[in-house]
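Novice: Could you have a look at this structure, given as structure tokens, before my questions?
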Amino acid sequence: MRPAVFLGDEVTGAGYRLAGLVTRVPTAGAEAAALETACAEADLVLVTAEVAARVPAVRLARLFAALRPLLLVVGDAAGRVPVPDISARLRRQVGVAE
């Protein structure tokens, strides 16, 4: 089984490292390349919303559409960038939003 990888800040990464994930802190401007590399190496990739926001939308959408690896956007320890509310988006798309 391939390892799970976390991409994000050092503080949040410390917690994921304790949980057994491989953690990486991408440098500014290298987020997309780091995400591509992580997706090629792992079956599960967790990426903070802050890092995901720095990846071009087209590349991010392509990675989310792939069957492997499972790619999840998570919050960081400081809560600097909010995680997208997927349930609210789905409610709006199906026409049941309040």
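The values are calculated or read from the model by the stated rules, or taken from the named source; none is laboratory data. Treat the numbers as computed from the prediction; the structure is a model and nothing was measured. Positions of Cβ are backbone-derived with ideal geometry, glycine not excepted, and every protein chain shown enters the neighbour counts.
Novice: Quickly run through the stretch 11-35 and pick out the residues that are in contact (Cβ under 8 Å) with a residue 60 or more places away in the chain and more than 13 Å from the chain's Cα centre (by Cα).
Specialist: Step one: of the stretch 11-35, the residues in contact (Cβ under 8 Å) with a residue 60 or more places away in the chain are 11-12, 15.
Result: VAL11, GLY15.
Novice: Counting only residues that are at pLDDT 90 or above, give me the helices (runs of 4 or more DSSP H) lying completely in the stretch 17-98 with at least 2 of them. Explain how you work it out, then say what you get.
Specialist: Values: elements: 31-41, 49-53, 57-65, 86-94.
In the stretch 17-98, 31-41, 49-53, 57-65 are the helices (runs of 4 or more DSSP H) which contain 2 or more residues that are at pLDDT 90 or above.
Novice: Name every residue in the stretch 39-65 that is in contact with a Lys or Arg (Cβ under 7 Å, 6 or more places away or on another chain) and within 14 Å of VAL5 (Cβ to Cβ), in order of residue number.
Specialist: Applying the first criterion (in contact with a Lys or Arg (Cβ under 7 Å, 6 or more places away or on another chain)) to the stretch 39-65 yields 41-43, 50.
Those that are in contact with a Lys or Arg (Cβ under 7 Å, 6 or more places away or on another chain) and within 14 Å of VAL5 (Cβ to Cβ): GLU41, ALA42, ASP43.
Novice: Is it the case that VAL11 is part of a helix (DSSP H, G or I) and on the phi < 0 side of the Ramachandran plot?
Specialist: Values: part of a helix (DSSP H, G or I): yes; on the phi < 0 side of the Ramachandran plot: yes.
Against the criterion (part of a helix (DSSP H, G or I) and on the phi < 0 side of the Ramachandran plot), VAL11 qualifies.
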